[in-house]
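For reference, the structure is listed below as structure tokens.
Every number in this text was worked out from the coordinates using simple rules, so none of it is lab data. Treat the numbers as computed from the prediction; the structure is a model and nothing was measured. When we count neighbours, we look across all protein chains shown, and the Cβ atoms used for this are built from the backbone with ideal geometry, even at glycine.
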Amino acid sequence: MSIIIRKMDLSDIPFVYQEELKIFGKSLGEKTLYNEIIYNELSRYFIALVDDKRVGYIGSWMTVPNAEILNLFVTESHRGKGIGTRLIQAVIDRCEAEDIRDLTLEVRPSNTFAVELYEKLGFERAAVRKRYYADGEDALLMVKRLGGAT
Ligand SMILES: CC(C)(COP(=O)(O)OP(=O)(O)OC[C@H]1O[C@@H](n2cnc3c(N)ncnc32)[C@H](O)[C@@H]1OP(=O)(O)O)[C@@H](O)C(=O)NCCC(=O)NCCS
């Protein structure tokens, strides 16, 4: 199995939109994704491919000094194969190249696979954001210290 991580482009929007709806029940929306790719200079979005097929996505913002992971998924049949790790690593690599100090993300505490994955990649539990999600669940704010100077 060969995993390729590349920059997201406009041709990936339908895939991301449809999978976000399937997985999260909501999406950033095709227009927002378009704007993110074309106009937002701070956005870094990546797509994972296995044997040329799209299987995952990560969205991030290189805001200074704290970059942020906005969204991440791997399609269900491809989970547990290291693809999520590769996508997060792609963002960490960008942060290091751009001298970012901290990388943050929010996650549902009930999303055990994701929380454990982030901890394995060096993210620490930093704070709880009460009733952050629309259904009333708290969010766990997690931070990875990168040591950049920005
Ligand atoms: C969170 C998510 C992106 C992880 O992607 P992934 O490709 O499965 O991640 P990895 O394979 O790199 O690592 C997942 C870890 O969970 C474990 N795992 C085992 N079975 C699994 C399964 N069925 N599904 C997911 N993870 C599984 C893996 O073993 C792995 O740990 P390991 O490295 O010790 O083996 C993916 O599960 C997903 O898309 N979930 C739904 C959307 C979501 O929750 N996004 C995050 C929002 S903050």
Taking Cα atoms only, Rg over Rh for region 1-80 with Rh from the Kirkwood formula is 0.96
Nearest-0.05 FRET efficiency for SER11 and ASP93 at R0 = 22 Å, using Cβ-Cβ distance, is 0.45
For the ASP51, THR85 Cβ pair and Förster radius 22 Å, calculated FRET efficiency rounded to 0.05 is 0.75
If the chain between ILE4 and LEU121 were fully extended at 0.36 nm per residue, the gain over the current Cα-Cα distance would be 40.2 nm
Residue-normalised 222 nm signal for the chain, counting each DSSP H run of n ≥ 4 as -39,500 (n - 2.57), nearest 500 deg cm²/dmol, is -9000 deg cm²/dmol
In this structure, among LYS7/LYS31; LYS22/LYS53; LYS53/LYS81; LYS7/LYS53; LYS120/LYS144; LYS26/LYS144, pairs with alpha-carbon gaps over 20 Å are LYS26/LYS144
Correct semi-axes for region 9-150, from √(5λ) of the alpha-carbon gyration tensor and rounded to whole Å with the largest first, are 22, 19, 16
Restricting to Cα pairs under 8 Å and 6 or more apart, the percent relative contact order of the chain works out to 18
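Would you mind putting 130-139, 10-19, 33-42, 99-108 in packing order, based on average other-beta-carbon counts within 10 Å, highest first?
Taking the mean over residues of other Cβ atoms within 10 Å, the ranking is 99-108, 10-19, 33-42, 130-139.
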